[in-house]
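First up is the structure itself, then whatever we jot down about it.
The values are calculated or read from the model by the stated rules, or taken from the named source; none is laboratory data. For clarity, every value in this text was computed on a predicted model and none was experimentally measured. With ideal geometry, Cβ positions are generated from the backbone for all residues, glycine too; neighbour counts draw on all protein chains shown.
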Amino acid sequence: MASKIIASTVRRSLSPKLLPLIRPLSTAAAAAAAPAEPYDSSAGISMKGVKISGRPLYLDMQATSPVDPRVLDAMLPYFVSQYGNPHSRTHLYGWESDEAVEAARAQVASLINASPKEIVFTSGATECNNISVKGVMHFYKEKKKHVITTQTEHKCVLDSCRHLQQEGFDVTYLPVKSDGLIDLNDLRNSIRSDTGLVSVMAVNNEIGVIQPMEEIGEICKEFGVPFHTDAAQALGKIPVDVNKWNVSLMSLSGHKVYGPKGVGALYMRRRPRIRVEPQMNGGGQERGIRSGTVPTPLVVGMGAACEIAMKEMEYDGKRAVKLKDRLLNGIRDRLDGVVVNGSTERRYAGNLNLSFAYVEGESLLMGLKEVAVSSGSACTSASLEPSYVLRALGVDEDMAHTSIRFGIGRFTTEEEIDKAIELTVNQVEKLREMSPLYEMVKEGIDIKSIQWSQH
Amino acid sequence: MATAVPPPSRKQILSLFRSFFRSSRLFTDYNIREYRKCRTIDEFRHNKTLTNPSSVPAAFADGNYQLQVAKRQALVYHISRRKSKASWRLSIDWCLFMLLGFYDGLYIESEYCGLG
């Protein structure tokens, strides 16, 4: 038995090309193996015209997070052997899947201090936001015509609100102060008698600012308006309590808490009951709110991720603060003109959004290919315009263009932070050296007072 | 039927710690490897301060369970690793995997291959 293991490992490692000949791939695997691997281990990786020596450091935890091995361990049996449909009521496969789904529901509920009966599994936070915004307003459309949200919300909430506007609803987009927080008096003044929903995200995905959730909850309770929050970035990172925050609806995402992608959960309060019109019609699964087979492995993964997050929240939080301080001080020690976007006090430490003055954004990002960071959010990075969140904060166009978002997570190490500091500082210094604007600033000329002549 | 679980001896705890450390070195992913190493040290250091006598065997049992999880996942990560290395770190060599995980490797193979 031991010699077989040695033989198989030797075979696998020394002669990768011989393996398909020794054990011919099945047709399905052959089709899957057909796409040519862009990886060449000796010469580095070349993809989309960029050549790097290996895989980059991952510092983009707000876009997504790697799956924790403990979560993967919980998921695998439901892919391999216990693959039943949880809605099959007649055999063991269905019963055990159903049991697993209910256990996962309890795990998710305990992280947000809710009851398992209030959790509905969906395909992600975007679907939850759609159900919350459009579903609630369509249900109460006879009496309620007004929605309040903020300018810094996630794209899916803003897009749902735009869709509602086209249908004839009124939407108020609350402005934010320069530190990213909303003004509570603005909120109080904009609530009308026909306001059907207030939607404010707990932790912003681009700037990491934590909104004053308890105060907003109190205001909504006072006026009797349902409060929806997109807590995708907050789950597992800051303590989330639906009763303290007085939320009626909460969107949760699996892949931001080191779980699998493709799963999310919607919290819907039962007392007082909030009703929604379902966006996915079908067999009435998930209490009629989201029909469709519940993906057992993904849901089990999300449950395991929530349980791990509950245990590790304090440890991860302390580490995130330590690493963020290391990163920020490391960069500030060697560079000037570095601005942190968003409030420095009410902020989640794992999200650091920096703007570098006198540097062009695209070229900075192009030079930072060995570090996986993002500028703006993943949703908006395809377009060339600067992020709307930074524009809402009142950041100048040129500073908004050079913003970089560093995401620190559970698996980030100090060595990675040091390497990221080195790469960023080198790139920024290189670009500033070439920049004539920076030379003028060094000589003492105030850039804003220059009258640029038109040719 | 409650049987009194004897508290683990110092030797058992040290052996668990060593196995944990060994299993963390088997992960092919740099981030998971480093996290597991630091977390093991911090967890054991924190559990050293546990005063409640019933929580020590519970923590030990949990530690054993986590060790099995880690061994299984180290194998999964090794099987599905990509060929390229981290751009600034070397990932673990297969010999090290063999040397360190040899006897455990037997156990892991039977865990997954022998289904049923």
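Here are some notes:
- Residue ranges of strands (runs of 3 or more DSSP E) in the range A:165-259 with at least 2 members under 30 Å from A:Arg105 (Cα atoms): A:195-199, A:227-230, A:249-253
- Contacts under 7 angstrom Cβ, first residue in the range A:440-455 being closer than 23 Å to A:Gly337 by Cα, partner modelled with pLDDT of 80 or more, 6 or more apart: A:Val441/A:Tyr358; A:Ile447/A:Leu437; A:Ile447/A:Met440; A:Ile447/A:Val441
- Criterion applied to A:Lys155, A:Lys141 was being over 23 Å from A:Leu181 (Cα atoms) and modelled with pLDDT under 95, and the one residue passing it is A:Lys141.
- Residue check, B:Val76 of a type in the set (Val, Ile, Thr), touching a Leu at 6+ places or on another chain (Cβ under 8 Å), surrounded by fewer than 19 Cβ atoms within 10 Å (Cβ to Cβ) and modelled with pLDDT of 90 or more: yes
- Considering residues of the range A:183-203 that are touching a residue at least 12 places away in the same chain (Cβ under 8 Å) and hydroxyl-bearing (Ser, Thr, Tyr) only, the residue farthest from A:Ser132 (Cα to Cα): A:Ser190
- Annotation: B:Tyr35 fulfils all but one of (1) surrounded by 16 or more Cβ atoms within 10 Å (Cβ to Cβ); (2) in a helix (DSSP H, G or I); (3) in contact (Cβ under 8 Å) with a residue 24 or more places away in the chain; (4) not hydrophobic (A, V, I, L, M, F, W, C); the unmet one is (3).
- Some residue of the range A:402-414 being crowded, with 18+ Cβ neighbours inside 10 Å, away from chain B (no Cβ under 14 Å), at pLDDT below 95 and over 20 Å from the mean Cα position of the chain (by Cα): yes
- If you go through the range A:41-75 and keep only what is part of a strand (DSSP E or B) and at the interface with another protein chain (Cβ under 8 Å from one of its Cβ atoms), you end up with A:Gly44, A:Ile45, A:Ile52, A:Arg55, A:Leu57, A:Tyr58.
- Unmet requirement for B:Thr28, which otherwise passes all of (1) surrounded by 14 or more Cβ atoms within 10 Å (Cβ to Cβ); (2) in a helix (DSSP H, G or I); (3) not hydrophobic (A, V, I, L, M, F, W, C): (2)
- Within the range A:129-162, if we keep just the residues that are part of a helix (DSSP H, G or I) and in contact with a Phe, Trp or Tyr (Cβ under 9 Å, 6 or more places away or on another chain), the residue that is farthest from A:Ala392 (Cα to Cα) turns out to be A:Met137.
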